[in-house]
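To start, the structure under review is shown below, and the notes come after it.
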């Protein structure tokens, strides 16, 4: 259990503050995480790596020359918010773009993705690396869809070394994916971890057994088997990982491997060394050469009793970067050149951004956008009870409240930006941030991302036409589909979005009539939303109900179609027919 706690709700923030105070030569606090205490060199890609807290040394412990530039840190086992990711990225970026790296978990995918949308809308080149090394969480054919566990260390170390060596963002992204695709991990647990303030562990393993294929967020594993000796466990882990060993060749993988034997919190170093002793014998028997082995705690799960084995099938390029110097609080190798480091003087603070200058034409468009947001707010408020009633059957009942809160926050933020002279792009960026923060949850993040993506269509220096409006609706819809990861038939908002965007694009392309095109698209979206009543949920809020969700339409699909219908009515009252 966790013994040293003030307030369990503030445990992650308290730990992060103490960590930064203990390592001022490497890191300093930023909103929602830490960044290097020195500036990112001009033009160098910023590697921003993060996830939930409770995994130290991951991720904050890996910030420094040769590895990460910043780490957004969420609550225990929870993704950092998009606002936290954005602030850390903004503090780290210095003209070379940003690579966002995290373990492949739904919450991280969503919130890092939303932050990426905002950064891109501001002109920042952003790439995303989802580490997916856990062989227990999916088949080999779908390697990039697996979970990320201790392979995070290897992928971020290699990517950071490439950046330190001068790689631009394209090259760093290529190397990071190459490292991910060469990395495999497998773990076992003997007892679950205990959250700060909790009375007991998240799961228990029967005496005399061990859970195989665990995650790092308290997941208990995919099966339980009899507890063996240290040697038995070493064999189980290695045999599992080596099932996916690639063929050896002169020009690529030649039987040289990087190895990380990782303790998850309660397994002590001496025990890990006993396991590693067996592994060295097995590697030798198999003709494998171990390069730069790491044995210790690297990606923990609070006090979970367990361990994992990570193997990287190296070629010459990956080996060079794996062995390259790094200087962070929790991972040191060699000595990076300190001569180019400049002390950091500031970090990004939410709300500090100045409103960019805007033309009168763009300010007029911005006022119209706030009017549209007000229509969304009024519609969400009018249907709050209905959305909530649907969600009480197909989800957790808070969708109506979330839509009401999110749209209200968007209106307030948009109106405030207009009063300060903001143009169309800036108003949508502010509104998107506010919708996500006020609504919370998945739908809040998706609607926020949609507004932010829509903002990229507009310009603070120019006016807008109906074509801009249609492209903004299409771009926002695309952002929801991309970030949510759902497909038609999964019983999510996407079931309404796909037909909406298809009809909107086709009708507007044929008629150039904004109001009529949007009205037809919204009507088709409503039909598709109602049809989700006949679908068993596979993703989204209803997925845990499966067949039990049949008979009730997806609340997100319904709310999307209703809000788009309200927009169509607004367009019909304000846009002349057939306006070019």
> Among 352, 371, which is the only one that is surrounded by fewer than 23 Cβ atoms within 10 Å (Cβ to Cβ) and either over 30 Å from residue 451 (Cα atoms) or modelled with pLDDT of 95 or more (or both)?
Replying inline: 371
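Table: residues versus (1) over 30 Å from residue 236 (Cβ atoms); (2) touching a residue at least 40 places away in the same chain (Cβ under 8 Å).
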| residue | (1), (2) |
| --- | --- |
| 98 | yes, yes |
| 108 | no, yes |
| 114 | yes, yes |
| 119 | yes, no |
| 122 | yes, yes |
| 194 | no, yes |
> Which numbered condition trips up residue 147, out of (1) in the same structural domain as residue 98 (by TED's automatic domain parsing); (2) farther than 24 Å from residue 334 by Cα; (3) part of a helix (DSSP H, G or I)?
Replying inline: (3)
> Does residue 346 satisfy the criteria of being surrounded by fewer than 17 Cβ atoms within 10 Å (Cβ to Cβ), at negative phi, assigned to a loop (DSSP other than H, G, I, E, B) and at pLDDT below 95?
Replying inline: yes
> Counting only residues that are in a helix (DSSP H, G or I) and touching a helix residue (DSSP H, G or I) at 6+ places or on another chain (Cβ under 7 Å), which one in region 1-43 is farthest from residue 103 (Cα to Cα)?
Replying inline: 19
>> Every residue in region 205-236 that is within 19 Å of residue 300 (Cα to Cα) and in contact with a helix residue (DSSP H, G or I) (Cβ under 8 Å, 6 or more places away or on another chain), please.
In response: 210, 212, 213, 214, 215, 221, 222, 233, 234
>> Being surrounded by 24 or more Cβ atoms within 10 Å (Cβ to Cβ) and within 10 Å of residue 344 (Cα to Cα) is the filter here; which residues of region 25-35 pass it?
In response: 27, 35
> Counting only residues that are in a helix (DSSP H, G or I) and surrounded by fewer than 24 Cβ atoms within 10 Å (Cβ to Cβ), how many does region 450-468 have?
Replying inline: 3
> Of the residues 173, 224, which single one is without any contact (Cβ under 8 Å) to a residue 24 or more places away in the chain and surrounded by fewer than 23 Cβ atoms within 10 Å (Cβ to Cβ)?
Replying inline: 224
>> If I filter region 44-88 down to residues being over 15 Å from residue 112 (Cβ atoms) and in a strand (DSSP E or B), which single residue comes out as modelled with the lowest pLDDT?
In response: 75
> Going through region 226-243 one residue at a time, which ones are within 14 Å of residue 286 (Cβ to Cβ) and assigned to a loop (DSSP other than H, G, I, E, B)?
Replying inline: 243
> Residues 443, 517, 477: which one is at pLDDT below 90 and in a helix (DSSP H, G or I)?
Replying inline: 443
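The values are calculated or read from the model by the stated rules, or taken from the named source; none is laboratory data. As the structure is a prediction and not an experimental result, all values here were calculated from the model. Positions of Cβ are generated from backbone atoms using ideal geometry, with glycine treated the same way; all protein chains shown enter the neighbour counts.
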